[in-house]
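First comes the structure, then the notes that go with it.
The values are calculated or read from the model by the stated rules, or taken from the named source; none is laboratory data. Nothing here was measured: the structure is a model prediction, and the numbers come from that model. Backbone-built Cβ (ideal geometry, glycine too); neighbour counts: all protein chains shown. When the accessible area is computed, the model is the full protein with side chains, heavy atoms only, and any ligands, DNA or RNA have been set aside. Shrake-Rupley method; radii C 1.70, N 1.55, O 1.52, S 1.80 Å.
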Amino acid sequence: MDTGEYTFDAIVIGSGISGGWAAKELCEKGLKTLVIERGRMVKHVKDYPTAMLDPWQFKHHNNKTRQMVEDNPIISKHYAFDESTEHFYIRDDLHPYIQEKPFDWIRGYQVGGKSLLWARQTQRWSDYEFEAPKRDGFATDWPIRYADLAPWYSYVEKFIGVSGNRDGLENLPDSEVLPPFEMNAVELHIKDKIKQEFPDRPVIIGRCAHITKPEDIHLRQGRATCMARSLCQRGCPFGAYFSSNASTLPWAEKTGNLTIQPNTVVHSIIYDEKLGRATGVRTVDTITKKETIYNAHIIFVNGSTLNSNLILLNSKSSKFPKGLGNLNSLMGRYIAFHNYRGRITATMEGFEDRYYYGRRPTQVFMPSFRNVYQQETDFLRGYMIAFNASRSSWNKSANGIGQHLKDSLTEAGQWTISMMMQGETVPIYDNHIRLSTTTKDQWGVPLLITSIDYTENDEKLMRDFLREGAAMLEKAGCKNIKTADQKEVGNRNPGLEVHEMGGVRMGSDPDTSLLNKWNQLHHCKNVFVTDGACMTSTGNQNPSLTYMALTARAANYAVEEWQKGNL
Ligand SMILES: Cc1cc2nc3c(=O)[nH]c(=O)nc-3n(C[C@H](O)[C@H](O)[C@H](O)COP(=O)(O)OP(=O)(O)OC[C@H]3O[C@@H](n4cnc5c(N)ncnc54)[C@H](O)[C@@H]3O)c2cc1C
């Protein structure tokens, strides 16, 4: 074990979406910051080997091979996993965990984490989400409200670049936006029909972290306008979508205060009983297995929800035998996620003379309309809907001979509509993770056990979506409307949506929560947890924008407290 004097002002565990933000804020404020990342280095542009490839340049035309699926039975279920992105996902066999109940744990271990892979949808929460646990009597009350986070949402959005409209919706507050992407003719038609038939269900273009018209702050990051190639998950050479690699990490690096230590897994956080605070982290080199201790005054835990839980549960001391700060035994409990089970497809006749050009890296959205102002159904909370209309790329029913055949072959095909749900799940005590007491991974870290499942509430919510979504499409004139429970047809387990949250939740009361309103562990104030692990409830919006805003807010607070000598 190398216990040399590697002392930094701050350590950030993980370099993904939230860790990148912690690093940026801490470095900008002058703190010598060490980012510890278990995965390999991925440099912006240089390490995007598939970014400019055409389908025929892949060995298997960018499909999943049988071998890839056999080697990765979990990861290969994920929609974005293919030959072009394989290198940004983990390999299942190298990173085992124990599924007490089926859970699809989707991970990307590299510098940049899942920020390279994400679909970039960025919607703010409103007080309808922050007040939900208190109003509906579940989980515990959030210690913050929208007003606490609103300036930090703005702060983050201006830096990352968010395209969209200012839609003026109460339960989806406006963002700081760059010009929006456009809806196509069929989407506009569906939007108009829904407005006529269901006036309380606005349809908007999805807000996404893409630069559509760069501002000075984006140019200074070296980022440029989105080309709408929609090959984002391979890494964007233009830096047009937000990733840690294109944005926060190089920005932090420019301050001269950043050190990135890749290929290094954090085993646990070290707690000093006499000092009453954490002093550093115990790490293992993923290649040589050499153990090293790094010290710091402030520690940010940003390993992504389940890994952050794992690290904290594994940080045992005589004061905290069940994990750092875990005096109430609630760490690892109340894990929740987003319910993606319902899916609807349909076709639209007509509009054969209407085309669209290029690709669009976002979808059409409908904010939650269920139980917003009051409880009105036999299930709690609601769901956001996302859909798109597209034409298949050529006319598969082309017929005739000669010129007629050629002409009809070049015509775009039928309009089809695909609609999905993003439902809030209610955190329950039973949905939990814990550490194996018998099995460790190759770096000596106990395996994680996942015990997380859907509830009856989730099923009712899904059935409501299938009913309401189909009704809306029918009113819009769609045909061949088909509804499906993805759990039944596609073996869709919790986790596959990659929005797992909780386990180290925020709250005002140390008896019922782990973190205070500044994301500090109640019982170890120099440790901050600002990724999905901190989430008290899940809302129905995509979560990463909220992680970023919480991280920026917490990092600025940490620096202030440190400068006052309180940490
Ligand atoms: C295909 C896809 C689409 C998505 N679409 C969206 C979307 O549209 N909108 C949205 O809001 N979210 C989306 N998400 C989810 C989003 O990617 C995550 O919410 C986000 O990346 C979480 O940020 P994070 O910093 O917590 O974790 P990550 O970005 O995963 O970063 C965590 C980092 O910590 C490292 N790490 C873990 N454990 C350790 C350890 N012990 N020691 C050292 N390092 C460690 C990991 O290697 C990783 O690099 C999507 C995800 C995927 C995969």
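Where q = 0.06 Å⁻¹, what log10 of I(q)/I(0) comes from the Debye formula for the chain, counting one point per Cα?
Calculated log10 I(q)/I(0) at the listed q: -0.29.
Please list the non-local residues whose amide H lies under 5 Å from the amide H of S268, H modeled 1.01 Å from N, same-chain partners needing a gap of 5 or more.
Excluding prolines and chain starts, which carry no amide H, the hits are R282.
Take the alpha carbon gyration tensor of segment 345-478, find the square roots of its eigenvalues, order them as a ≥ b ≥ c, and report rounded if a/c is under 1.5; if not, report prolate when a/b exceeds b/c, else oblate.
oblate
Leaving out same-chain residues fewer than 8 places away, which aspartates and glutamates sit with a Cα under 14 Å from that of K460?
E376, D378, E424, E468, D485
How do S318, S115 stack up against each other in accessible area, from largest to smallest, with a 1.4 angstrom probe?
S318, S115
In segment 168-236, what percent of the accessible surface is made up of carbon and sulfur (1.4 Å probe, ligands and nucleic acids excluded)?
The nonpolar share, carbon plus sulfur, comes to 50 percent.
Once ligands and nucleic acids are excluded and a 1.4 Å probe is used, how much of R135 is accessible, expressed in Å² to the nearest 10?
Using a 1.4 Å probe on the heavy atoms, I get roughly 100 Å².
Any idea of V265's accessible area? Nearest 10 Å², probe 1.4 Å.
For V265, the solvent-accessible surface is approximately 10 Å².
How much length would be gained if the chain were fully extended between W56 and Y355, taking 0.36 nm per residue of separation minus their Cα-Cα distance, in nm to one decimal? Intermediate results must be reported in sequence, preceding the final value.
Details: separation 299, 0.36 × 299 = 107.64 nm, distance 2.54 nm.
Length gained, W56 through Y355: 105.1 nm.
Roll a 1.4 Å probe over the protein chains and send me the accessible area per residue for the chain in Å².
Working: 22350 Å² over 567 residues.
For the chain, the solvent-accessible area averages 39 Å² per residue.
Once phi is turned into ³J(HN,Hα) by the Karplus curve 6.51 cos²θ - 1.76 cosθ + 1.60 with θ = phi - 60°, what whole-Hz value does each residue of segment 547-558 show in order, with x for glycine and proline?
Working through the residues one at a time gives 4, 5, 5, 4, 5, 4, 5, 5, 5, 5, 5, 4 Hz.
Return the subset of K77/K290; K24/K517; K440/K525; K195/K482 for which the Cα-Cα distance in this structure is over 25 Å, preserving the input order.
The pairs that break the limit, which is 25 Å between Cα atoms, are K77/K290; K440/K525.
Could you work out how far the C-alpha centroid of segment 314-332 sits from that of segment 8-35, in angstrom?
About 24 Å separates the Cα centre of segment 314-332 from the one of segment 8-35.
If amide hydrogens are placed 1.01 Å from N in the peptide plane, which non-local residues have theirs closer than 5 Å to the one on R207?
It is T122, by chain and number.
What percentage of the solvent-accessible surface of segment 325-470, computed with a 1.4 Å probe over protein heavy atoms, is contributed by carbon and sulfur atoms?
50 percent
Short version: ³J(HN,Hα) in whole Hz for each residue of segment 253-260, in order, from phi by Karplus 6.51 cos²θ - 1.76 cosθ + 1.60 (θ = phi - 60°), x for Gly and Pro, what are they?
Listing the rounded values in order: 4, 5, 6, x, 9, 9, 10, 10 Hz.
Largest first and to the nearest Å, give the Cα extent of segment 21-100 along each principal axis.
Principal axes ranked by extent give 49, 41, 18 Å for the Cα atoms.
On a straight-distance basis, which aspartates and glutamates could pair with K114 in a cross-link, Cα separation under 18 angstrom, same-chain partners fewer than 8 positions away excluded?
Within the straight-line limit of under 18 Å, K114 reaches these aspartates and glutamates: E37, D47, D82, E83, E86, D92, D104, E497, E500, D531.
Round to a whole angstrom and tell me the spacing of the C-alpha centers of segment 243-276 and segment 191-223.
What the calculation gives is 33 Å, centre to centre.
Once the Cβ-Cβ distance between D200 and D511 is put in as r, and R0 is 51 Å, what FRET efficiency do you end up with, to the nearest 0.05? Intermediate results must be reported in sequence, preceding the final value.
Values: r = 39 Å, r/R0 = 0.77.
Step by step, r from the Cβ atoms, then E = 0.85.
If you average the C-alpha positions of segment 49-90 and of segment 429-490 separately, how far apart do those two centres end up, in angstrom?
When both Cα centres are located, 24 Å separates them.
Would you mind checking which residues have amide H under 5 Å from H338's amide H? H placed 1.01 Å from N; only 5 or more apart, or other chain.
Residues meeting the criterion, in which the H sits 1.01 Å from N, are G495, H499.
I'd like the accessible area for T279: 1.4 Å probe, protein heavy atoms, all chains in place, Å² to the nearest 10.
Surface open to solvent at T279 totals about 30 Å².
If I stretch the segment between N480 and S392 completely, what's the gain in nm (0.36 nm per residue apart, minus their alpha carbon distance), one decimal?
So the extension gain works out to 30.1 nm.
Run the helix sum for the chain: -39,500 (n - 2.57) per DSSP H stretch of 4+ residues, divided by residue count, reported at 222 nm to the nearest 500 deg cm²/dmol.
Values: 13 runs with 129 residues, N = 567.
Helix contribution divided over all residues of the chain: -6500 deg cm²/dmol.
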